[in-house]
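Let me begin by presenting the structure, written as structure tokens, before commenting on it.
The values are calculated or read from the model by the stated rules, or taken from the named source; none is laboratory data. The structure presented is a predicted model; accordingly, all values stated were derived computationally and were not measured. Note that we place each Cβ from the backbone using ideal geometry, even for glycine, and neighbour counts take in every protein chain shown. The area values use the complete protein model at the heavy-atom level, side chains included, leaving out ligands, DNA and RNA. Shrake-Rupley method; radii C 1.70, N 1.55, O 1.52, S 1.80 Å.
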Amino acid sequence: MMNHRHFFNRKLHSLLGVVPIGGFLFVHLFTNFYATRGEAAFLERVEIMEGIPFVSLIEIVFIFLPILYHGIYGLYIAFQAKNNVGNYGFFRNVMFMLQRVTGVITLIFITWHVWETKMQMVIGNVEATGFFTLMNEILTNPFMLVFYIVGLLSATFHFANGLWSFAVSWGITVGPRAQRISTYVTMLIFVLMSAMGLMALFSFANPVDVAQAIQK
Amino acid sequence: MAEQQKTIHLIITRQDGPDGTPYKQEFKIPYRPNMNIISCLMEIQRNPVTVDGKEVAPIVWEMNCLEEVCGACSMVINGKPRQSCTALVDKLEQPIRLEPMKTFPINRDLAVDRSRMFDALKRVKAWIPIDGTHDLGPGPRMPEVDRQWAYELSRCMTCGVCLEACPNVNDKSPFIGAFAISQVRLFNEHPTGKMNAEERLEGLMGEGGITDCGNSQNCVQSCPKGIPLTTSIASMNRATTVYSIKNFFRN
């Protein structure tokens, strides 16, 4: 029993990234995707999500605290590395660097995003029924639209590539062939989740255009 | 045959002692066919004069086997860590840049202190305790199929290249490095070594242990012996995960 605490902390960090944070990311983007069907369809989903029993408790225990732990410990891990992509430009080393860069961007983005949306509801500046309008107003600013696109892509990349390293860190994919195939699978997940998220984002930004495009 | 003699141009990063500041010196030495970096350094040792004509102290470096099995002569050659004995001048771009492996404490010039690697081997108990106070008789036999891949792991020479290439081995992190994790896999596969498998897994699990690997996989790309280091790491990830879960439920 030398030092199981460190082992546990790192394994917890790895696990939380997938369950519940990765799961939450999927549900969140999936819910947002209803925005492509218009404001009413989206708000109907929001109502369902807000109507879940013990919603605040679930949000704190399964979303807020895990993100806090994963984010803060992740920052420590990210700044412990001495990136050397210039000298060792191997694919996995580039992914290693990107995983850390996107992690930091995602943390900054999430902090801002939660403040701008969820916290505004908590302090009573906005109702759940006003979320569509709120997002629409935020995204009319081109700078914020770019910030949201970068934040979204960072989050989906960090999740997808994190899924790859989760499989290695837990000894699921051991050999080089298994790790190569899981690279393809996780990158496909990155593309699909990004597409889903981006469509929702553009629906918030230009609801009319997207609705017309879908009807055509 | 009055043609100009071919030379080899070397730029060497030097340091006078463990606390000294690094500086560069350039040397031009006469070319001979089939030279390696060691024979270049020997040539400089015979005539330690820089390109400016200044006589300097000969360069300090380590070497031993001269056939890439001891790992002592590792250094960073043209940006990549490798053994200077198998770094052939004809295959290198000139000027040839020699630097010490800065991941390790530098003793002098190109000689580094690799003690941390041997400490790591002690930490994970990378050996097989065979003898007690009396003869225990022959151990169990090892299946040939396992011996074949385990032999690949046994070719590790503690040269330090995997640590030098790793972004997670640095002065901010206590990570022991890929080689030690691979050695645990080697000794845990051995039929006699298996008897102490859990002690080695314990050694891997603390701070700076296997969880500090960030999967950049530079180690497996850089290993001069082609050891499947990342397979060893993932395999030991599995072993430590299973062990920790078992351990949780039985205590």
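Data overview
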{"read-out": "Hits in the range A:139-179 (condition: of a type in the set (Val, Ile, Thr), modelled with pLDDT of 95 or more and assigned to a helix (DSSP H, G or I))", "value": "A:146, A:149, A:150, A:156, A:168"}
{"read-out": "Qualifying positions in the range A:144-198 - over 15 Å from residue B:216 (Cα atoms) and basic (Lys, Arg)", "value": "A:177"}
{"read-out": "Residue in the range B:139-154 that is within 30 Å of residue A:96 (Cβ to Cβ) and within 13 Å of the chain's Cα centre (by Cα) present", "value": "no"}
{"read-out": "Positions within the range B:1-50 being among the hydrophobic types (A, V, I, L, M, F, W, C) and touching a His at 6+ places or on another chain (Cβ under 9 Å), in sequence order", "value": "B:27, B:29"}
{"read-out": "Given (1) in contact with a Gly (Cβ under 7 Å, 6 or more places away or on another chain); (2) within 14 Å of another protein chain (Cβ to nearest Cβ), number of the condition residue B:189 does not satisfy", "value": "(1)"}
{"read-out": "Among the candidates A:168, A:185, A:191, residue that is open to solvent by less than 40 Å² (accessible area, probe 1.4 Å), out of contact with any Leu (no Cβ under 6 Å at 6 or more places or on another chain) and under 30 Å from residue B:231 (Cα atoms)", "value": "A:168"}
{"read-out": "Residue in the range A:58-69 that is more than 19 Å from the chain's Cα centre (by Cα) and of a type in the set (A, V, I, L, M) present", "value": "no"}
{"read-out": "Hey, residue A:43 under 28 Å from residue B:237 (Cα atoms), touching a Phe, Trp or Tyr at 6+ places or on another chain (Cβ under 7 Å) and away from every other protein chain (no Cβ under 14 Å) or not", "value": "no"}
{"read-out": "Residue in the range A:72-81 that is closer than 22 Å to residue B:211 by Cα and more than 14 Å from chain B (Cβ to nearest Cβ) present", "value": "yes"}
{"read-out": "Filter result for residue B:201 (in contact with a helix residue (DSSP H, G or I) (Cβ under 6 Å, 6 or more places away or on another chain), away from chain A (no Cβ under 13 Å) and over 24 Å from residue A:74 (Cα atoms))", "value": "no"}
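Here is a yes/no grid of residues against (1) closer than 14 Å to residue A:6 by Cβ; (2) without any contact (Cβ under 8 Å) to a residue 12 or more places away in the chain; (3) open to solvent by less than 10 Å² (accessible area, probe 1.4 Å); (4) of a type in the set (Asp, Glu):
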residue: B:189; (1), (2), (3), (4): no, no, no, yes
residue: B:192; (1), (2), (3), (4): no, no, no, no
residue: B:203; (1), (2), (3), (4): yes, no, yes, no
residue: B:209; (1), (2), (3), (4): yes, no, yes, no
residue: B:219; (1), (2), (3), (4): no, no, no, no
residue: B:227; (1), (2), (3), (4): no, no, yes, no
residue: B:231; (1), (2), (3), (4): no, yes, no, no
residue: B:239; (1), (2), (3), (4): no, no, no, no
